[in-house]
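The values are calculated or read from the model by the stated rules, or taken from the named source; none is laboratory data. All of these numbers come straight from a predicted model, not from anything done at the bench. Positions of Cβ are backbone-derived with ideal geometry, glycine not excepted, and every protein chain shown enters the neighbour counts. These area figures cover heavy atoms from the full protein model, side chains too; ligands, DNA and RNA do not enter into them. Shrake-Rupley method; radii C 1.70, N 1.55, O 1.52, S 1.80 Å.
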Amino acid sequence: MTPTSPDAYRRLADSAWRWVLDQVRWEDGPWVPESVTAGEVPEVPPHRDGMHSGVGGLAYVLAEIRLTRAWTDEEHTLAGAVADRLRLGIAHEEDCTFFDGLPSAIGVLTALQEPGADAAIARLADLATPDGWPQTALGPPRYLPGTRLNDATLGTGGVLLAALWARRHGVAGAVPLADHASQVLLAEAEHLPTGTNWLMAPRRFRPTPSPQMPNFSHGLAGVATALACAGAELDRPDLTAAARSGAEHLVTLGDTSGQGFVLPLHIPALPDFEDVTYTWCHGPTGTSLLFPALHRAGVPDVAGEGTLSWHRRCLHSVRTSGLPARPRPGFWDNDGRCCGTAGVGEVFLDSWQRAGQEDDLVFAVVLADALVDRAVHDGPHSYWRFVEHRSSEPLLPPGVGWMQGAAGIAAFLFRLSRLLDDGPAAPAVARMDNWWALPTDRSTDQLA
């Protein structure tokens, strides 16, 4: 097979980005549908401004494009309108989640280099309670009213990551907010003989036991990552120690055979789900982010093994899992950032730029070639359709946004094409979910 050229990746990214831009609608500011079905008029999604699948996520594509070329007038207009829309909503926003709420707004505004993050920090401080932040994701009957969440995408861990990110950008009020979020997490820790554990929701809010999801998005790995970052940023040895203790417990929960490390998707396992997956959200791709955070915090080892050796174990498990092939329904049916190919590729590029191991770049190229093969072309447009094998209509409509759509995939392809041309020393876009895994001298976080 002829290797795909950097220019070919860029052309595909351009056509996917063109499709995304052509999905932007205008009603009280810009919005994009979560997905597009031919012949159907899309509705404004409930989280229209969020990073996950809303128009806010397009800011991260624009941040990547900025490293390659100047924005077009269309892109300038979109960026300004997204920032205006977010700023207008902050004073009344009650969503405190990393994906769609005030933390999301902080990430979007800083990616656009627009003001307003200080108002989001102040609003998060106003909404804070002694045991965390209000949420609407989990409630009766499985969870009690007023349930608090610890995790990195819906709960206190995400608020902590946002506060640390704001601090790195000099935003007023960020440090007190980070201190409060850290103290909430310390208070919610479960101390075990094997180390420290955090559940997505503390046990006191759960009338009946429910499975633990230990990986990055909703579990121990994400909480420990946030605390490790906080320990380093705030010079708090107690937070670093808590993160290390969390990692000590984490490695007892997974498979460490051979050169790998992979955690179950659920503990205990649930029927109709894969036992393990390899994604950013629930697999070793995301869990790998814990170990650069611990390394940055000065932790030399976890369970007697070098901290960055655990990171390589995670990546080894991903690389040898069989993805991006699809040997059976449900194994690898998604090409997005949250749950699929682009998210894995992004973490491997982060690792290559930080550590310089060529096998990381080689695997990122394998993933990009799978995206090239799976792209759907429609005139000047390209997009991707994922599969939900449990659905009566398994082939899903094409997604638009950052975490589950063409926007996020395009950004990965833009970045890969740029790095293949410019080499590992090229700048990297730093975000709330990756800055600690990047080389400190080449991050746009440092360049801003």
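Anything in the stretch 205-220 that is touching a residue at least 12 places away in the same chain (Cβ under 8 Å) and either touching a Cys at 6+ places or on another chain (Cβ under 6 Å) or assigned to a loop (DSSP other than H, G, I, E, B) (or both)? List them, or say none. Answer for the stretch 205-220, where residues must be touching a residue at least 12 places away in the same chain (Cβ under 8 Å) and either touching a Cys at 6+ places or on another chain (Cβ under 6 Å) or assigned to a loop (DSSP other than H, G, I, E, B) (or both): 206, 207, 208, 210, 211, 213, 214, 215, 216, 217, 218, 219. Answer with yes or no whether residue 54 is at positive phi and either basic (Lys, Arg) or outside the structural domain of residue 164 (by the TED database) (or both). No.
Filter the stretch 141-168 for residues that are surrounded by fewer than 24 Cβ atoms within 10 Å (Cβ to Cβ) and among the hydrophobic types (A, V, I, L, M, F, W, C) and give the result. Answer for the stretch 141-168, where residues must be surrounded by fewer than 24 Cβ atoms within 10 Å (Cβ to Cβ) and among the hydrophobic types (A, V, I, L, M, F, W, C): just 144. In the stretch 187-198, the condition of being over 22 Å from the mean Cα position of the chain (by Cα), assigned to a helix (DSSP H, G or I) and on the phi < 0 side of the Ramachandran plot is met by at least one residue. When residues in the stretch 210-232 are screened for being in contact with a Phe, Trp or Tyr (Cβ under 9 Å, 6 or more places away or on another chain) and either surrounded by fewer than 24 Cβ atoms within 10 Å (Cβ to Cβ) or outside the structural domain of residue 152 (by the TED database) (or both), 2 of them pass.
Within the stretch 257-274, being touching a helix residue (DSSP H, G or I) at 6+ places or on another chain (Cβ under 7 Å) and open to solvent by 10 Å² or more (accessible area, probe 1.4 Å) holds for 259, 262. Within the stretch 1-48, the residues that satisfy the criterion of being part of a strand (DSSP E or B) and in contact with a Leu (Cβ under 8 Å, 6 or more places away or on another chain) are 30, 35.
Picking from residues in the stretch 364-392 that are without any contact (Cβ under 8 Å) to a residue 24 or more places away in the chain and more than 29 Å from residue 153 (Cα to Cα), the one that is surrounded by the fewest Cβ atoms within 10 Å (Cβ to Cβ) is 392. With (1) of a type in the set (A, V, I, L, M, F, W, C); (2) open to solvent by 30 Å² or more (accessible area, probe 1.4 Å); (3) in a loop (DSSP other than H, G, I, E, B) as the list, and residue 88 as the residue in question, which single condition is left unmet? Result: residue 88 fails condition (3) only.
Among the residues of the stretch 402-423, the ones that are in contact with a strand residue (DSSP E or B) (Cβ under 9 Å, 6 or more places away or on another chain) and part of a loop (DSSP other than H, G, I, E, B) come to 2 in all.
Matching residues to (1) open to solvent by 30 Å² or more (accessible area, probe 1.4 Å); (2) assigned by the TED database to the domain that holds residue 422:
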| position | (1), (2) |
| --- | --- |
| 247 | no, no |
| 250 | no, no |
| 276 | yes, no |
| 287 | no, no |
| 336 | no, yes |
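Out of all the residues in the stretch 275-309, which are touching a strand residue (DSSP E or B) at 6+ places or on another chain (Cβ under 8 Å), among the hydrophobic types (A, V, I, L, M, F, W, C) and in contact (Cβ under 8 Å) with a residue 60 or more places away in the chain? If the condition is that a residue be touching a strand residue (DSSP E or B) at 6+ places or on another chain (Cβ under 8 Å), among the hydrophobic types (A, V, I, L, M, F, W, C) and in contact (Cβ under 8 Å) with a residue 60 or more places away in the chain, then 294 is the only one that fits. With a requirement of 2 or more residues that are of a type in the set (A, V, I, L, M, F, W, C) and out of contact with any Pro (no Cβ under 9 Å at 6 or more places or on another chain), the helices (runs of 4 or more DSSP H) lying completely within the stretch 298-375 that satisfy it span 341-355, 358-374.
Residues in the stretch 308-330 that are open to solvent by less than 50 Å² (accessible area, probe 1.4 Å) and in contact with a helix residue (DSSP H, G or I) (Cβ under 6 Å, 6 or more places away or on another chain): 310, 311, 314, 317, 318, 324.
Among the residues making up the stretch 394-424, those that are more than 17 Å from the chain's Cα centre (by Cα), over 12 Å from residue 16 (Cβ atoms) and either crowded, with 24+ Cβ neighbours inside 10 Å or in contact (Cβ under 8 Å) with a residue 60 or more places away in the chain (or both) are 394, 396, 397, 416, 417, 418, 419, 420, 421, 424.
Quick one: how many residues across the stretch 384-405 are closer than 19 Å to residue 52 by Cα and touching a Gly at 6+ places or on another chain (Cβ under 8 Å)? Total meeting the criteria: 9. The set of residues in the stretch 16-66 that are open to solvent by 20 Å² or more (accessible area, probe 1.4 Å) and among the hydrophobic types (A, V, I, L, M, F, W, C) comprises 24, 26, 36, 38, 41, 44.
Of all residues in the stretch 20-39, those that are more than 20 Å from residue 396 (Cα to Cα) have Cβ atoms under 8 Å from Cβ atoms of residues that are in a loop (DSSP other than H, G, I, E, B) and of a type in the set (Lys, Arg), 6 or more apart or on another chain, in 31/48. Residue 69 passes every criterion in (1) part of a loop (DSSP other than H, G, I, E, B); (2) open to solvent by less than 20 Å² (accessible area, probe 1.4 Å) apart from (2).
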